[in-house]
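A.B. asks: Handing you a structure now.
The values are calculated or read from the model by the stated rules, or taken from the named source; none is laboratory data. These figures come from a predicted structure and were not determined experimentally. Cβ atoms come from the backbone with ideal geometry, glycine included; neighbour counts cover every protein chain shown.
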Amino acid sequence: MENFSQRILDNLTSAVLLLDRDLRLTYVNPAAEMLFALSARQATGLRIAELLSKDAEFVQGLRDAVDSGHPHTVRERALKLPGGRQVTVDCTVNPVIEPGLPPALLVEMIHVDRHLRIAREEQLIAQHQATRALIRGLAHEIKNPLGGLRGAAQLLERELPNETLREYTEVIIAEADRLRNLLNRMLGPNTLPRREPVNLHHLMERVRKVVEAEKSTGVTVIRDYDPSIPDLNADPDQLIQALLNIVRNALQAVGEKGKITLRSRVQRRFTIGHRLYRLVARVDVIDNGPGVPAELRENLFYPMVTGRPDGTGLGLTIAQSLVNQHDGLIECESRPGRTCFTFLLPFDEPESERTDG
(Lines give C-alpha, C1' and ligand atoms only; values in the text may rest on other atoms or scores of the structure.)
Protein backbone atom coordinates (compact mmCIF):
# COMPACT_ATOMS: atom_id res chain seq x y z
CA MET A 1 0.00 0.00 0.00
CA GLU A 2 2.89 2.32 0.83
CA ASN A 3 4.48 1.65 -2.58
CA PHE A 4 1.13 2.31 -4.28
CA SER A 5 0.77 5.65 -2.45
CA GLN A 6 4.31 6.56 -3.46
CA ARG A 7 3.55 5.81 -7.13
CA ILE A 8 0.49 8.06 -6.94
CA LEU A 9 2.57 10.93 -5.55
CA ASP A 10 5.26 10.36 -8.16
CA ASN A 11 2.75 10.59 -11.01
CA LEU A 12 0.87 13.68 -9.85
CA THR A 13 1.25 16.71 -12.13
CA SER A 14 0.88 19.05 -9.13
CA ALA A 15 3.94 19.73 -6.97
CA VAL A 16 3.73 18.26 -3.46
CA LEU A 17 6.03 19.42 -0.65
CA LEU A 18 6.15 18.26 2.99
CA LEU A 19 7.67 20.71 5.49
CA ASP A 20 8.51 20.20 9.15
CA ARG A 21 7.71 22.68 11.91
CA ASP A 22 10.84 24.69 11.07
CA LEU A 23 9.75 24.83 7.41
CA ARG A 24 12.49 22.47 6.26
CA LEU A 25 11.69 20.29 3.26
CA THR A 26 11.34 16.63 4.20
CA TYR A 27 9.77 15.43 0.93
CA VAL A 28 9.23 16.68 -2.63
CA ASN A 29 7.61 14.70 -5.45
CA PRO A 30 8.96 14.69 -9.05
CA ALA A 31 6.58 17.49 -10.12
CA ALA A 32 8.04 19.69 -7.36
CA GLU A 33 11.56 18.80 -8.52
CA MET A 34 10.64 20.04 -12.02
CA LEU A 35 8.95 23.19 -10.70
CA PHE A 36 11.93 24.23 -8.58
CA ALA A 37 14.59 22.76 -10.94
CA LEU A 38 16.04 20.92 -7.95
CA SER A 39 16.45 17.22 -7.21
CA ALA A 40 14.82 15.66 -4.15
CA ARG A 41 18.28 14.97 -2.74
CA GLN A 42 19.27 18.64 -3.07
CA ALA A 43 15.94 19.88 -1.70
CA THR A 44 15.64 17.64 1.38
CA GLY A 45 16.72 19.53 4.48
CA LEU A 46 16.55 22.96 2.84
CA ARG A 47 14.51 25.66 4.53
CA ILE A 48 11.73 26.88 2.29
CA ALA A 49 12.98 30.42 3.00
CA GLU A 50 16.25 29.51 1.23
CA LEU A 51 14.34 28.28 -1.81
CA LEU A 52 12.00 31.28 -1.86
CA SER A 53 14.38 33.91 -0.51
CA LYS A 54 12.74 36.66 -2.59
CA ASP A 55 9.22 35.82 -1.45
CA ALA A 56 9.16 36.60 2.28
CA GLU A 57 5.38 37.20 2.28
CA PHE A 58 4.65 33.68 1.00
CA VAL A 59 7.05 32.10 3.51
CA GLN A 60 5.40 34.06 6.34
CA GLY A 61 2.04 32.65 5.24
CA LEU A 62 3.46 29.14 5.69
CA ARG A 63 4.74 30.01 9.17
CA ASP A 64 1.31 31.34 10.11
CA ALA A 65 -0.29 28.08 8.91
CA VAL A 66 2.05 26.03 11.13
CA ASP A 67 1.43 28.23 14.17
CA SER A 68 -2.34 28.50 13.76
CA GLY A 69 -3.06 25.02 12.43
CA HIS A 70 -5.43 26.53 9.85
CA PRO A 71 -5.30 25.51 6.15
CA HIS A 72 -5.53 28.10 3.39
CA THR A 73 -5.55 28.35 -0.40
CA VAL A 74 -3.95 31.00 -2.60
CA ARG A 75 -4.97 31.45 -6.25
CA GLU A 76 -2.68 32.59 -9.07
CA ARG A 77 0.24 33.39 -6.76
CA ALA A 78 3.38 34.57 -8.56
CA LEU A 79 6.42 32.89 -6.98
CA LYS A 80 9.98 34.12 -7.49
CA LEU A 81 12.22 31.06 -7.86
CA PRO A 82 16.00 30.70 -7.82
CA GLY A 83 17.72 31.79 -11.02
CA GLY A 84 15.35 34.70 -11.59
CA ARG A 85 12.48 32.49 -12.77
CA GLN A 86 8.90 33.38 -11.91
CA VAL A 87 5.97 30.99 -12.00
CA THR A 88 2.26 31.34 -11.22
CA VAL A 89 0.71 28.67 -9.02
CA ASP A 90 -2.49 27.81 -7.22
CA CYS A 91 -1.32 26.78 -3.77
CA THR A 92 -3.08 24.80 -1.02
CA VAL A 93 -1.49 24.66 2.43
CA ASN A 94 -2.66 22.03 4.93
CA PRO A 95 -1.21 21.59 8.44
CA VAL A 96 -0.66 17.91 9.28
CA ILE A 97 -1.30 17.18 12.95
CA GLU A 98 -0.98 13.55 14.05
CA PRO A 99 -0.92 12.35 17.68
CA GLY A 100 2.62 11.61 18.82
CA LEU A 101 4.19 13.29 15.79
CA PRO A 102 5.59 16.83 15.43
CA PRO A 103 3.45 19.24 13.38
CA ALA A 104 4.13 19.32 9.64
CA LEU A 105 2.86 21.19 6.62
CA LEU A 106 1.63 19.70 3.34
CA VAL A 107 1.87 22.13 0.43
CA GLU A 108 0.36 21.42 -3.00
CA MET A 109 1.17 23.71 -5.93
CA ILE A 110 -0.53 23.58 -9.32
CA HIS A 111 1.44 25.31 -12.05
CA VAL A 112 -1.18 27.48 -13.77
CA ASP A 113 0.99 29.51 -16.16
CA ARG A 114 0.06 27.18 -19.01
CA HIS A 115 -3.67 27.55 -18.35
CA LEU A 116 -3.34 31.34 -18.04
CA ARG A 117 -1.41 31.45 -21.31
CA ILE A 118 -4.09 29.42 -23.13
CA ALA A 119 -6.83 31.70 -21.77
CA ARG A 120 -4.84 34.77 -22.83
CA GLU A 121 -4.27 33.36 -26.31
CA GLU A 122 -7.95 32.54 -26.76
CA GLN A 123 -8.80 36.08 -25.67
CA LEU A 124 -6.30 37.51 -28.19
CA ILE A 125 -7.71 35.39 -31.03
CA ALA A 126 -11.31 36.30 -30.16
CA GLN A 127 -10.35 39.95 -29.79
CA HIS A 128 -8.70 40.03 -33.18
CA GLN A 129 -11.61 38.27 -34.92
CA ALA A 130 -14.12 40.66 -33.34
CA THR A 131 -12.00 43.66 -34.33
CA ARG A 132 -11.73 42.54 -37.94
CA ALA A 133 -15.47 41.91 -38.17
CA LEU A 134 -16.18 45.37 -36.76
CA ILE A 135 -13.72 47.07 -39.12
CA ARG A 136 -15.07 45.24 -42.16
CA GLY A 137 -18.58 46.38 -41.31
CA LEU A 138 -17.47 49.97 -40.78
CA ALA A 139 -15.34 49.96 -43.92
CA HIS A 140 -18.31 48.82 -46.02
CA GLU A 141 -20.51 51.58 -44.57
CA ILE A 142 -17.83 54.26 -45.10
CA LYS A 143 -16.46 53.25 -48.50
CA ASN A 144 -19.77 53.55 -50.37
CA PRO A 145 -20.50 57.21 -49.48
CA LEU A 146 -16.78 57.96 -49.76
CA GLY A 147 -16.78 56.73 -53.35
CA GLY A 148 -19.84 58.85 -54.10
CA LEU A 149 -18.19 61.88 -52.52
CA ARG A 150 -15.07 61.43 -54.61
CA GLY A 151 -17.05 60.94 -57.83
CA ALA A 152 -19.13 64.05 -57.18
CA ALA A 153 -15.97 66.09 -56.56
CA GLN A 154 -14.50 64.89 -59.90
CA LEU A 155 -17.68 65.86 -61.77
CA LEU A 156 -17.75 69.26 -60.05
CA GLU A 157 -14.11 69.84 -60.95
CA ARG A 158 -14.87 69.45 -64.67
CA GLU A 159 -17.69 72.01 -64.50
CA LEU A 160 -15.86 74.70 -62.55
CA PRO A 161 -14.99 77.66 -64.78
CA ASN A 162 -12.39 79.11 -62.43
CA GLU A 163 -9.08 77.18 -62.26
CA THR A 164 -8.37 78.42 -58.71
CA LEU A 165 -11.61 76.87 -57.43
CA ARG A 166 -10.35 73.45 -58.49
CA GLU A 167 -7.92 73.50 -55.58
CA TYR A 168 -10.88 72.80 -53.29
CA THR A 169 -12.11 69.82 -55.29
CA GLU A 170 -8.53 68.48 -55.37
CA VAL A 171 -8.48 68.64 -51.55
CA ILE A 172 -11.77 66.68 -51.38
CA ILE A 173 -10.45 64.02 -53.80
CA ALA A 174 -7.08 63.73 -52.01
CA GLU A 175 -8.75 63.39 -48.58
CA ALA A 176 -11.20 60.79 -49.92
CA ASP A 177 -8.24 58.80 -51.30
CA ARG A 178 -6.40 59.12 -47.98
CA LEU A 179 -9.40 57.82 -46.05
CA ARG A 180 -9.86 54.93 -48.50
CA ASN A 181 -6.18 53.94 -48.12
CA LEU A 182 -6.47 54.15 -44.34
CA LEU A 183 -9.48 51.83 -44.41
CA ASN A 184 -7.62 49.38 -46.64
CA ARG A 185 -4.69 49.35 -44.20
CA MET A 186 -7.03 48.82 -41.25
CA LEU A 187 -8.61 45.86 -43.04
CA GLY A 188 -5.16 44.33 -43.38
CA PRO A 189 -4.22 41.66 -45.93
CA ASN A 190 -7.05 40.67 -48.24
CA THR A 191 -5.26 37.79 -49.97
CA LEU A 192 -4.62 34.31 -48.64
CA PRO A 193 -0.97 33.45 -47.99
CA ARG A 194 0.90 31.84 -50.88
CA ARG A 195 2.59 29.12 -48.92
CA GLU A 196 5.88 27.54 -49.82
CA PRO A 197 8.70 25.89 -47.85
CA VAL A 198 10.77 28.72 -46.34
CA ASN A 199 13.78 28.87 -44.07
CA LEU A 200 12.72 30.95 -41.08
CA HIS A 201 16.25 32.22 -40.49
CA HIS A 202 16.50 33.53 -44.06
CA LEU A 203 13.41 35.66 -43.37
CA MET A 204 14.83 36.84 -40.05
CA GLU A 205 18.10 37.75 -41.73
CA ARG A 206 16.25 39.76 -44.40
CA VAL A 207 14.55 41.75 -41.66
CA ARG A 208 17.80 42.15 -39.71
CA LYS A 209 19.60 43.59 -42.72
CA VAL A 210 16.83 46.15 -43.28
CA VAL A 211 16.97 47.19 -39.63
CA GLU A 212 20.78 47.32 -39.64
CA ALA A 213 20.55 49.94 -42.38
CA GLU A 214 17.98 51.99 -40.41
CA LYS A 215 19.31 51.78 -36.85
CA SER A 216 21.61 54.17 -34.98
CA THR A 217 25.19 53.12 -34.29
CA GLY A 218 24.36 52.80 -30.59
CA VAL A 219 21.81 50.04 -31.24
CA THR A 220 22.98 46.40 -31.27
CA VAL A 221 21.02 43.62 -32.98
CA ILE A 222 21.79 40.18 -31.52
CA ARG A 223 21.00 36.89 -33.27
CA ASP A 224 20.12 33.82 -31.21
CA TYR A 225 18.99 31.18 -33.71
CA ASP A 226 18.23 27.50 -33.23
CA PRO A 227 19.83 25.77 -36.24
CA SER A 228 17.61 22.68 -35.83
CA ILE A 229 14.42 24.49 -36.93
CA PRO A 230 12.99 22.82 -40.08
CA ASP A 231 11.49 24.70 -43.03
CA LEU A 232 8.12 26.33 -42.48
CA ASN A 233 5.29 26.19 -45.01
CA ALA A 234 4.45 29.89 -45.22
CA ASP A 235 4.17 33.02 -47.35
CA PRO A 236 7.65 34.60 -47.05
CA ASP A 237 6.53 38.12 -48.01
CA GLN A 238 3.75 38.17 -45.42
CA LEU A 239 5.98 36.89 -42.61
CA ILE A 240 8.74 39.37 -43.50
CA GLN A 241 6.20 42.20 -43.36
CA ALA A 242 4.83 41.03 -39.98
CA LEU A 243 8.31 40.60 -38.49
CA LEU A 244 9.51 43.92 -39.90
CA ASN A 245 6.56 45.76 -38.29
CA ILE A 246 7.50 44.36 -34.87
CA VAL A 247 11.27 44.87 -35.19
CA ARG A 248 10.80 48.46 -36.34
CA ASN A 249 8.65 49.05 -33.26
CA ALA A 250 11.51 47.68 -31.14
CA LEU A 251 13.94 49.98 -32.95
CA GLN A 252 11.79 53.00 -32.16
CA ALA A 253 11.44 51.85 -28.54
CA VAL A 254 15.20 51.67 -27.85
CA GLY A 255 15.93 54.99 -29.57
CA GLU A 256 19.57 55.94 -30.10
CA LYS A 257 21.05 53.31 -27.82
CA GLY A 258 19.88 49.85 -26.89
CA LYS A 259 19.75 46.16 -27.69
CA ILE A 260 17.38 44.11 -29.84
CA THR A 261 17.51 40.29 -29.80
CA LEU A 262 16.10 38.08 -32.54
CA ARG A 263 15.65 34.57 -31.16
CA SER A 264 14.24 31.39 -32.69
CA ARG A 265 13.23 28.19 -30.93
CA VAL A 266 11.10 25.07 -31.51
CA GLN A 267 8.24 24.20 -29.16
CA ARG A 268 7.07 20.58 -29.13
CA ARG A 269 3.45 19.59 -28.42
CA PHE A 270 2.45 23.20 -27.97
CA THR A 271 -0.98 24.80 -27.84
CA ILE A 272 -2.00 27.96 -29.70
CA GLY A 273 -5.37 28.96 -28.33
CA HIS A 274 -7.24 25.68 -27.94
CA ARG A 275 -5.36 23.80 -30.67
CA LEU A 276 -2.56 21.37 -29.90
CA TYR A 277 0.28 21.20 -32.44
CA ARG A 278 3.07 18.67 -32.63
CA LEU A 279 5.66 21.31 -33.56
CA VAL A 280 5.56 25.11 -33.37
CA ALA A 281 8.15 27.70 -34.38
CA ARG A 282 8.71 30.44 -31.80
CA VAL A 283 10.34 33.71 -32.80
CA ASP A 284 11.04 36.29 -30.08
CA VAL A 285 11.80 39.96 -30.73
CA ILE A 286 13.20 41.32 -27.46
CA ASP A 287 14.24 44.90 -26.74
CA ASN A 288 15.53 46.66 -23.63
CA GLY A 289 13.51 49.82 -24.16
CA PRO A 290 11.19 51.48 -21.62
CA GLY A 291 8.40 48.96 -22.17
CA VAL A 292 4.80 49.26 -23.37
CA PRO A 293 2.77 51.73 -21.29
CA ALA A 294 0.50 49.85 -18.87
CA GLU A 295 -2.65 51.51 -20.22
CA LEU A 296 -1.95 50.16 -23.74
CA ARG A 297 -1.03 46.54 -22.96
CA GLU A 298 -4.54 45.07 -22.94
CA ASN A 299 -5.51 46.72 -26.26
CA LEU A 300 -2.14 46.60 -27.98
CA PHE A 301 -3.34 44.77 -31.10
CA TYR A 302 -6.40 46.93 -31.65
CA PRO A 303 -6.17 49.30 -34.64
CA MET A 304 -5.36 52.96 -33.94
CA VAL A 305 -3.78 52.10 -30.56
CA THR A 306 -0.32 53.67 -30.35
CA GLY A 307 1.97 55.26 -27.81
CA ARG A 308 3.67 57.51 -30.38
CA PRO A 309 2.25 60.89 -31.40
CA ASP A 310 3.16 60.24 -35.05
CA GLY A 311 2.06 56.57 -35.10
CA THR A 312 -0.97 55.18 -36.93
CA GLY A 313 -1.48 52.24 -34.58
CA LEU A 314 -1.83 49.82 -37.51
CA GLY A 315 1.55 48.05 -37.54
CA LEU A 316 0.73 45.55 -34.79
CA THR A 317 -2.80 44.95 -36.09
CA ILE A 318 -1.49 44.14 -39.58
CA ALA A 319 1.27 41.91 -38.16
CA GLN A 320 -1.28 39.99 -36.08
CA SER A 321 -3.54 39.56 -39.14
CA LEU A 322 -0.67 38.21 -41.24
CA VAL A 323 0.37 35.70 -38.57
CA ASN A 324 -3.27 34.69 -37.90
CA GLN A 325 -3.57 33.78 -41.59
CA HIS A 326 -0.80 31.23 -40.93
CA ASP A 327 -2.84 29.81 -37.98
CA GLY A 328 -0.39 31.50 -35.64
CA LEU A 329 -0.43 34.21 -33.02
CA ILE A 330 1.67 37.13 -31.74
CA GLU A 331 1.90 37.62 -27.96
CA CYS A 332 3.52 40.40 -25.97
CA GLU A 333 5.04 40.57 -22.50
CA SER A 334 6.45 43.90 -21.37
CA ARG A 335 8.01 45.56 -18.38
CA PRO A 336 10.48 48.45 -18.13
CA GLY A 337 13.77 47.28 -19.61
CA ARG A 338 12.38 44.21 -21.40
CA THR A 339 9.66 43.88 -24.02
CA CYS A 340 9.21 40.57 -25.84
CA PHE A 341 6.94 40.04 -28.85
CA THR A 342 6.56 36.33 -29.55
CA PHE A 343 5.52 34.85 -32.93
CA LEU A 344 4.00 31.36 -32.64
CA LEU A 345 3.77 29.60 -36.02
CA PRO A 346 2.70 25.95 -36.36
CA PHE A 347 4.58 23.69 -38.76
CA ASP A 348 1.62 21.42 -39.45
CA GLU A 349 -2.08 20.83 -38.86
CA PRO A 350 -3.29 20.66 -35.23
CA GLU A 351 -3.28 17.25 -33.57
CA SER A 352 -6.47 18.00 -31.65
CA GLU A 353 -8.74 20.67 -30.22
CA ARG A 354 -8.19 21.09 -26.51
CA THR A 355 -8.16 23.73 -23.77
CA ASP A 356 -6.02 22.18 -21.07
CA GLY A 357 -2.65 22.75 -22.81
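A.B. asks: Filtering the range 206-225 down to residues that are touching a strand residue (DSSP E or B) at 6+ places or on another chain (Cβ under 8 Å) and surrounded by 14 or more Cβ atoms within 10 Å (Cβ to Cβ), which residue is nearest to residue 257 (Cα to Cα)? Talk me through it step by step, then tell me what you get.
C.D. replies: Quick first cut of the range 206-225, residues touching a strand residue (DSSP E or B) at 6+ places or on another chain (Cβ under 8 Å) only: 207-208, 211-212, 215-216, 218-225.
Right, trim to surrounded by 14 or more Cβ atoms within 10 Å (Cβ to Cβ) and you get 207-208, 211, 215, 219, 221, 225.
Working: 207: 19, 208: 17, 211: 14, 215: 9, 219: 5, 221: 11, 225: 23 Å.
Across the range 206-225, the extreme among qualifying residues is 219.
A.B. asks: Further question on the same structure: Which pairs turn up if I take residues in the range 11-35 that are small (Gly, Ala, Ser) and look for partners that are crowded, with 17+ Cβ neighbours inside 10 Å and assigned to a helix (DSSP H, G or I) with beta carbon separation below 8 Å, at least 6 apart in sequence or on another chain?
C.D. replies: These pairs meet every condition: 14/31; 15/31; 15/32; 15/35; 15/36; 32/43.
A.B. asks: Are any residues in the range 189-227 part of a strand (DSSP E or B) and more than 25 Å from the chain's Cα centre (by Cα), and if so, which ones?
C.D. replies: 196, 197, 218
A.B. asks: Can I ask one more? Quick one: which helices (runs of 4 or more DSSP H) sit completely within the range 28-70 and have at least 1 residues that are over 19 Å from residue 90 (Cα atoms)?
C.D. replies: Working: elements: 30-36, 40-43, 48-51, 56-68.
Here the list reads 40-43, 48-51, 56-68.
A.B. asks: Return the only residue of 281, 250 being among the small types (Gly, Ala, Ser), part of a strand (DSSP E or B), closer than 20 Å to residue 322 by Cβ and touching a strand residue (DSSP E or B) at 6+ places or on another chain (Cβ under 7 Å). If you could, list the steps in order and put the result at the bottom.
C.D. replies: Details: 250 fails: part of a strand (DSSP E or B).
Of the residues listed, the single one that is among the small types (Gly, Ala, Ser), part of a strand (DSSP E or B), closer than 20 Å to residue 322 by Cβ and touching a strand residue (DSSP E or B) at 6+ places or on another chain (Cβ under 7 Å) is 281.
A.B. asks: Something else about it: Considering each of 150, 158, 77, 166 in turn, give the residue that is exposed (fewer than 12 other Cβ atoms within 10 Å of the Cβ), modelled with pLDDT of 80 or more and not in a loop (DSSP other than H, G, I, E, B). If you could, list the steps in order and put the result at the bottom.
C.D. replies: Working: 150 fails: exposed (fewer than 12 other Cβ atoms within 10 Å of the Cβ); 77 fails: exposed (fewer than 12 other Cβ atoms within 10 Å of the Cβ); 166 fails: exposed (fewer than 12 other Cβ atoms within 10 Å of the Cβ).
On inspection, the qualifying residue turns out to be 158.
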